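Before any comments, here is the structure.
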Amino acid sequence: LKIAALDIGGTNIKYCLYDTEKPFSAELLRSVPTHAQRGAEYVIDHAIRTLEGLEKFDRIGVSTAGQVDPVSGTIIFASDTIRGYTGTQVARIFTEHFNKPTAVENDVNAAILAEVSFGTKNVEGCIIGLAYGTGIGGAIIQDGKLFAGSSNAAAEFGHMITHADGVRCICGQNGCYEAYASAAALIRNAERRFGKPVDGYEIARQRHEPAFKALLEDWYMEVVYGLINLVHIFNPHELILGGGIMENDFIMEAITERLIEKILPSYKHVKVKGARLGNASGLLGAIHLAQTMVI
Ligand SMILES: [Zn+2]
């Protein structure tokens, strides 16, 4: 089976042509700028032209920013990163243009699904995934399937409230998890404390300095507060933590140690893993969904 896969983000559209008979290699990965500011219609046209440049394929898999109805393949809601994207019938547009079945899923869901399922069969158990970046995205997977909720909007872990009357979040509420525990929140705090621009590399490099150590310690606990709630609610077999910041082993170790110490005894078997697929994960999730879709 040959699958054309797209990962439509605010900055780049990643794409590849994948043959399910062969192993995936990072060399297959291609990328073009999204030009999101030109609006949804342009972005979709641009994506179509990108796929037209590929060899023949049998199915299409799309991982995309925005909340997605995976049954109809429509964007239910998207922020203004891609103007006019809300309501776009992504699956219908691709299916009609190429006359090929098309699977569409939200990018965080696709990425976490790939971490769990790509290249493996019969995934069992409850797995909770989170991606820490500008915000915090999440996914709930039970026995290899995404849990959608009643309107395909489940697992917005970034908007759990972890601080009563806390700081304002972009969603309009106060005290959301992502306003404290995202990678962006760590950087914001660092800049406020040190009064100058600071990036993740500097924080990693200076992590043994007392001021940076204190900064990181506060952030670890912000991450852990949210995870304690999730572990106690879902009692998962595994937690998968993604986003570039979690590629630092010292961060994964610090979070895991603090989490396991805090959770109640009957939950302590939970395995905490870092995401391993990096920036190909959304595409691999799209491939997995296209490959396993019921036609
Ligand atoms: Zn919020």
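Worth a mention:
- When the trypsin sites (Lys or Arg not before Pro) in region 40-136 are filtered for DSSP coil states and for at most 12 other beta-carbon atoms within 10 Å of their beta-carbon, the remaining sites are K56, K121.
- Cross-link reach is defined here as a Cα-Cα straight distance under 18 Å, omitting same-chain residues fewer than 8 places apart; for K262 the aspartates and glutamates meeting it are E217, D218, E222, E238, E253.
- The chain: calculated mean residue ellipticity at 222 nm from DSSP helix runs of at least 4, using -39500 (n - 2.57): -11000 deg cm²/dmol
- Share, in percent, of DSSP beta bridges within the chain that are antiparallel, nearest 5: 55
- Cα gyration tensor shape of region 203-244, rounded if a/c is under 1.5, else prolate or oblate by comparing a/b with b/c: prolate
- Efficiency of FRET between M221 and T120 - r from beta-carbon atoms, R0 25 angstrom, step 0.05: 0.15
- The chain - charge dipole about Cα centre, Lys and Arg +1 at Cβ, Asp and Glu -1, debye rounded to 20: 120
- Coupling constants for region 72-81 follow from the phi torsions by the Karplus curve (6.51 cos²θ - 1.76 cosθ + 1.60, θ = phi - 60°), and in residue order they are 8, x, 10, 7, 6, 7, 9, 5, 6, 3 Hz; glycine and proline get x.
- Between 0 and 90°, nearest 10: helix 183-194 axis offset from the chain longest Cα axis: 40
- Estimated from the Cβ-Cβ distance and a Förster radius of 30 angstrom, the FRET efficiency linking E41 and F194 is about 0.10.
- Taking amide H positions as modeled 1.01 Å from N, with prolines and chain starts lacking one, the residues under 5 Å from I76 and 5 or more places away or on another chain are Q67, V68, D69, G87.
- The chain: C-alpha gyration tensor shape, a/c 1.5 cut-off, then a/b vs b/c: prolate
- Loop-resident sites, region 63-131, for GluC sites (Glu not before Pro), counting at most 13 other Cβ within 10 Å (DSSP): E124
- Principal-axis tilt of helix 40-52 within the chain, Cα atoms, nearest 10 degrees: 60
- Lys/Arg +1, Asp/Glu -1 at C-beta; the chain dipole; positive extreme among Y15, S63, A139: Y15
- Rounded tilt (10° steps) of 210-234 against the dominant C-alpha axis of the chain: 60
- For A185, neighbours were defined as the other residues whose beta-carbon sits under 12 Å from its Cβ, and their charges (Lys and Arg +1, Asp and Glu -1) total -2.
No value in this document is a laboratory result; all are computed from the given coordinates. Quick caveat, the model's predicted, so the values are computed rather than measured. Note that we place each Cβ from the backbone using ideal geometry, even for glycine, and neighbour counts take in every protein chain shown.
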